[in-house]
Amino acid sequence: MSNFAGQWLYIRSLEQQKPDPDVFPEFDESLRQSFQRETELFFQNIVREDRSVMELLDANYTFVNQRLAEHYGIPNIYGARVSCRR
């Protein structure tokens, strides 16, 4: 499943992305890995729960740890453990 998502959603290209440090000064390798893990878990959830492919575009939930939640401005997520957040 991660191989398919890696190709179809271009997750593999995350390693080559270099965000502008003036616009995203907090960006680091930990945040990059969190983005990748979020996408993998989100895709796996859609497949395992037999959800509509449209949910890739309009879902009201995601999978975040504290680092990613802070980046998105989602409150009350603590630690490295990934949580589903609506």
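The computed Kirkwood radius over Cα pairs in Å for the structure shown corresponds, within [x] 19.5; [y] 15.4; [z] 13.8, to [z]. Over the chain, DSSP H runs of length four or greater, each weighted -39,500 (n - 2.57), average out per residue to a 222 nm ellipticity of -12500 deg cm²/dmol.
Using the Cβ-Cβ distance between Glu49 and Asp20 with R0 = 22 Å, the FRET efficiency computed as 1/(1 + (r/R0)^6) comes to roughly 0.05. To put it simply, the accessible area of the chain at a 1.4 Å probe is 50 percent carbon and sulfur. On a per residue basis, the chain carries 71 Å² of accessible surface, using protein heavy atoms and a 1.4 Å probe.
The values are calculated or read from the model by the stated rules, or taken from the named source; none is laboratory data. Note that this is a predicted model, so its numbers are computed, not measured. Cβ: placed from backbone, ideal geometry, glycine included. Neighbour counts: every protein chain shown. Heavy atoms of the whole protein, side chains included, go into the accessibility calculation; ligands, DNA and RNA do not. Shrake-Rupley method; radii C 1.70, N 1.55, O 1.52, S 1.80 Å.
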